[in-house]
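Encoded as structure tokens, the structure appears first; notes follow it.
No value in this document is a laboratory result; all are computed from the given coordinates. A quick note: this is a predicted structure, and the numbers were derived from the prediction, not measured. Virtual Cβ from ideal backbone geometry, glycine too; neighbours counted across all protein chains shown.
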Amino acid sequence: MTVTKAVIPAAGLGTRFLPATKAVPKELLPVVDTPAIEYVVREASAAGLKNVLLITGKTKGAILDHFDRAWDLEAVLAEKNDLARLDAIRASAELAVIHAVRQPAPRGLGHAVLCAKEHVGADPFAVLLGDDLIDARDPLLTSMIAVREALGGSVVALMRVPLDQISLYGSAAVEPLPGGVVPSLPPGSVFRLSGLVEKPPREQAPSDFAIIGRYVLHPAVFEVLEETAPGRGGEIQLTDALARLAEMPPEAGGGLHGVHFTGRRYDTGDRLDYLKAVVRLAADHPELGADFADWLDEFSAELRGRAEP
Ligand code: G1P
């Protein structure tokens, strides 16, 4: 079964970005010149996932407008012969076929994923969390899909984090697999996972391997989610359902593997991380990067000057 569907939860209230997100969905906040969620849809599309389901909520309508054609704007740009901008606004509408379902109440990531059940049906599917941007130069989903094709079950993406940050993530109990189990991936990059804990205190974390927001899931996850009781924060946690899948036999859709990602990831989950992501991506931007990096050098010198007594 090849993976063709991507699910992108986008129902969160964005409270960490208030007041910016009072009327604008946090998924549309620009990272340089592109809304955060467009990077995520581009990533899904580049991995061959052209069927994208957004899990939305109230006040998220503008996200759907962003991925739709904008005939009035296109007519104005065409009239002015502004072909670069015309291409840019058309491109976002051509990345994928976008579907949407509403999460009726904010009951957690696991519950948001469960809202995709009817749309996804019986096929494996990917979940991409919008707070994590993965650099297009370091394709991760393609590797995860290769692991799922070689080993079955479900797959999560992992990164090592300093132990004092593990309580911000799901933490995985990992067992290395021999090199060559997935021929396209380097030895040591694929693990069998025997357990997961959502946002554990440092001393209870099974390891420093943190789940980052990319998953390729067996559809058996839906039945498990239906039976998953609220966990951390009183919310239905995807991590708890995956911990259960890790214990289930392959014939029931169980089995969980992790891919160790060592590429570039930009966190946009809170204001400080968001600012860092904007600066990093601005410095790499094909048109703005060189000028921006020059200015950043000058500005850093100015800041160092300010710090001197
Ligand atoms: C979610 C997951 C967590 C994961 C994280 C990755 O948490 O529940 O297991 O490590 O995404 O970004 P959130 O950051 O939405 O609180």
Quick one, can you get me the convex hull of the C-alpha atoms of the chain expressed as volume per residue in Å³? 167 Å³
Working from Cα positions, state the angle (0 to 90°, nearest 10) between the long axis of helix 83-94 and the longest principal axis of the chain. 20 degrees
State to the nearest 20 debye the size of the charge dipole of the chain about its Cα centre, where the only charges are +1 on K and R beta carbons and -1 on D and E beta carbons. 560 debye
To the nearest µm²/s, what D does Stokes-Einstein give for segment 208-269 at 20 °C and 1.002 mPa s, using the Kirkwood radius over alpha carbon pairs as Rh? 163 µm²/s
Expected unfolding gain across Arg264-Asp68 under the 0.36 nm per residue rule, minus the alpha-carbon gap, is 67.7 nm
Can you give the FRET efficiency to the nearest 0.05 for Ala78 and Glu298, using r as the Cβ-Cβ distance and R₀ = 41 Å? 0.55
Using helices alone, I'd like the mean residue ellipticity at 222 nm for the chain: each DSSP H run of four-plus residues gives -39500 (n - 2.57), total over residue count, nearest 500. -10000 deg cm²/dmol
For segment 1-151, compute the orientation-averaged projected area of the C-alpha convex hull (one quarter of its surface), in nm². 10.1 nm²
Taking 45 Å as R0, compute the FRET efficiency from the Cβ-Cβ separation of Ala307 and Thr59 and round it to 0.05. 0.65
Projected onto their principal axes, the Cα atoms of segment 10-69 stretch, largest extent first, over whole-Å spans of 36, 25, 22
Hey, what did the chain get for relative contact order, percent, Cα under 8 Å, at least 6 apart? 20 percent
Expressed as a fraction of 2.2 N^0.38 Å, the rule-of-thumb size for a compact globular protein of N residues, what is the C-alpha radius of gyration of segment 111-223? 1.09
How big is Rg to Rh over segment 152-287, alpha-carbon atoms, Rh as the Kirkwood inverse-mean-distance radius? 1.01
Once you place label points 7 Å from the Cα toward the Cβ at Ala122 and Ala150, how far apart are they in nm? 2.8 nm
Hull volume in cubic angstrom per residue (convex hull over the Cα atoms of segment 235-309): 185 Å³
Taking the Cα atoms of segment 47-87 alone, what are Rg (to one decimal) and Dmax (as a whole number) in Å? 13.9, 37
Pair-distance profile P(r), taking every C-alpha pair of segment 100-176, with 10 angstrom steps and integer %: 13, 39, 39, 10
The chain: angle of helix 238-247 to the longest principal axis, Cα-based, in degrees nearest 10: 30 degrees
For the ranges 53-59, 152-158, 85-91, what's the packing order if you count other beta-carbon atoms within 10 Å of each residue, average per peptide, and put the highest first? 152-158, 53-59, 85-91
So what's the angle, to the nearest 10 degrees on a 0 to 90 scale, between helix 271-283 and the longest Cα principal axis of the chain? 60 degrees
